[in-house]
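The values are calculated or read from the model by the stated rules, or taken from the named source; none is laboratory data. Being a predicted model, the structure only gives us computed values, none of them experimental. Neighbour counts run over all protein chains shown; Cβ positions are idealised from the backbone, glycine included.
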Amino acid sequence: MSEENPWKTLKVKKVYQNPWISLTEAEVINPNGGRGIYGKIQFNSKALAIIPIDEHQNTWLVGQYRYTLNEYSWEIPMGGGKLNHDLLDSAKRELKEETGLIAAKWEQIMRIHTSNSVTDEEGFVYLAQDLTQSDTENDPTEKLEILKLPLSQAIDMVMEGKITDAISIAGLLKAGKILGI
């Protein structure tokens, strides 16, 4: 199977941009030779998600109302890491901001493309262990609820459809596999 790019880009124009994303539209020739357009959302950061695990195999979820979905969402702690900053340092900042947790042991367990048909967003999931509790430093635009529960119950929430966020689902299932849950 060939990994050569079968798409031909004829013209690209930026349609929209804000501090977080940009949207481009490309005139293309698709792999079957047909002409068309392709929209692409580009992110100005990397998605960073963290699964904190304590010595009893508990984890922490963050709940918040998601404007884009118009519904409440339970997720693993996550946020954006600037493209020119160390990803692990950004993940440590996000974990502390959202949960108040500081971890002494970190392991990147996953690289993920969140919706590769429309975006180039790249995410990274970390397992954080050897935890110490401190104060949260929430972003002023977020109103978060924090839930501590056994990792097995968080995985049950995935299986029951109570967690629908793609990075959270993938990360929790992989952490469960790694930890033998």
Checklist entry - Among the residues of the range 29-45 satisfying the criterion of being without any contact (Cβ under 8 Å) to a residue 60 or more places away in the chain and surrounded by 15 or more Cβ atoms within 10 Å (Cβ to Cβ), which is farthest from the chain's Cα centre (by Cα)? => result Tyr38
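When you look at Ala26, is it at negative phi, of a type in the set (A, V, I, L, M, F, W, C) and either assigned by TED's automatic domain parsing to the domain that holds Thr141 or exposed (fewer than 13 other Cβ atoms within 10 Å of the Cβ) (or both), yes or no?
Working: at negative phi: yes; of a type in the set (A, V, I, L, M, F, W, C): yes; either assigned by TED's automatic domain parsing to the domain that holds Thr141 or exposed (fewer than 13 other Cβ atoms within 10 Å of the Cβ) (or both): no.
No.
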Item to check | the range 46-69 residues that are in contact (Cβ under 8 Å) with a residue 60 or more places away in the chain, paired with ones that are crowded, with 19+ Cβ neighbours inside 10 Å and among the acidic types (Asp, Glu) (beta carbon under 6 Å, 6 or more apart) | outcome: Ala47/Glu121; Leu48/Glu94; Val62/Glu75; Val62/Glu98
Next on the checklist: Just to verify a result, which residue in the range 123-151, among those that are closer than 12 Å to Glu98 by Cβ and among the β-branched types (Val, Ile, Thr), is modelled with the lowest pLDDT?
Outcome noted: Thr136
Next on the checklist: All but one of (1) assigned to a strand (DSSP E or B); (2) outside the structural domain of Asp139 (by TED's automatic domain parsing); (3) not aromatic (Phe, Trp, Tyr) hold for Glu3; state the number of the condition that does not hold.
Outcome noted: (1)
